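The structure appears below as structure tokens.
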Amino acid sequence: MSVNLVTVGELTEFGPVESEPSFDELFETHYRSALRLAVLLVGDQASAEDLVADAYVRVYVQWRRGRVSNVEAYLRRAVVNAVKNAWRRRSVARRFERLVTQSTFDADPRALDTLVVERDELLAALHSLPPGQRQCIVLRYYEDLSEAQTAAMLGIAVGTVKSQTAKGLARLASIMEGGAQR
């Protein structure tokens, strides 16, 4: 049995060889427009670069799975979503700062010490949880992801996210109540 080897040069005689661009090529093609969009939305070059990098990570994961047919549109949506998430986190942080500053410190200047202790206790309690519960709580409440987004990110069912979150919150409450009684 003989095998005829065909070279790339011979293939091009019949027309162009169709191949998908590499992700590096897609990155080079779309990076400037994605960065320009992010800068226009956030007004800060450094923050925009971080947001675009995060967006490219999301695009790459879906692109590798073959779920992205229009990279430019998908990337644009990923950048806009990243910016919206950053705004949301900033807004929540500002509201929390205002709430703490206005109510807590007017009543008792030593409240900052109490707040720091409570935060440290909460972090210690969070780190004592099993990894699955900790991941679900952090993604749901710190990263502000939905149950479906958390499930997709962790590769588990939505029901598992719900049960792990409920168990984790119950455990955190138990630990924190035990710490408050000391």
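None of the figures in this text is laboratory data; all of them are computed from the coordinates on show. Note that this is a predicted model, so its numbers are computed, not measured. Positions of Cβ are generated from backbone atoms using ideal geometry, with glycine treated the same way; all protein chains shown enter the neighbour counts.
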(message) Through the Karplus equation 6.51 cos²θ - 1.76 cosθ + 1.60, θ set to phi - 60°, convert the phi angles of the range 84-92 into ³J(HN,Hα) values in whole Hz; use x for Gly and Pro.
(response) 4, 5, 5, 4, 4, 4, 5, 5, 5
(request) Return the distance in nm (one decimal) between the two label points of a simple spin-label model at Glu143 and Lys167, each offset 7 Å from Cα along Cα→Cβ. (result) 2.0 nm
(request) Would you grab the residues whose amide H sits under 5 Å from the one on Leu145? Only those 5+ places off in sequence or on another chain, please, with H modelled 1.01 Å from N. (result) Arg140
(request) Please turn the phi angles of the range 128-143 into ³J(HN,Hα) values with the Karplus equation 6.51 cos²θ - 1.76 cosθ + 1.60 (θ = phi - 60°), one per residue in order, whole Hz, x for glycine and proline. (result) 7, 6, x, x, x, 5, 4, 4, 4, 5, 5, 5, 6, 9, 8, 8
(request) For the range 150-165, just list the computed ³J(HN,Hα) in residue order, Karplus coefficients 6.51, -1.76 and 1.60, θ = phi - 60°, integers in Hz, with x standing in for Gly and Pro. (result) 5, 4, 5, 5, 8, x, 10, 6, 4, x, 5, 4, 4, 5, 5, 5
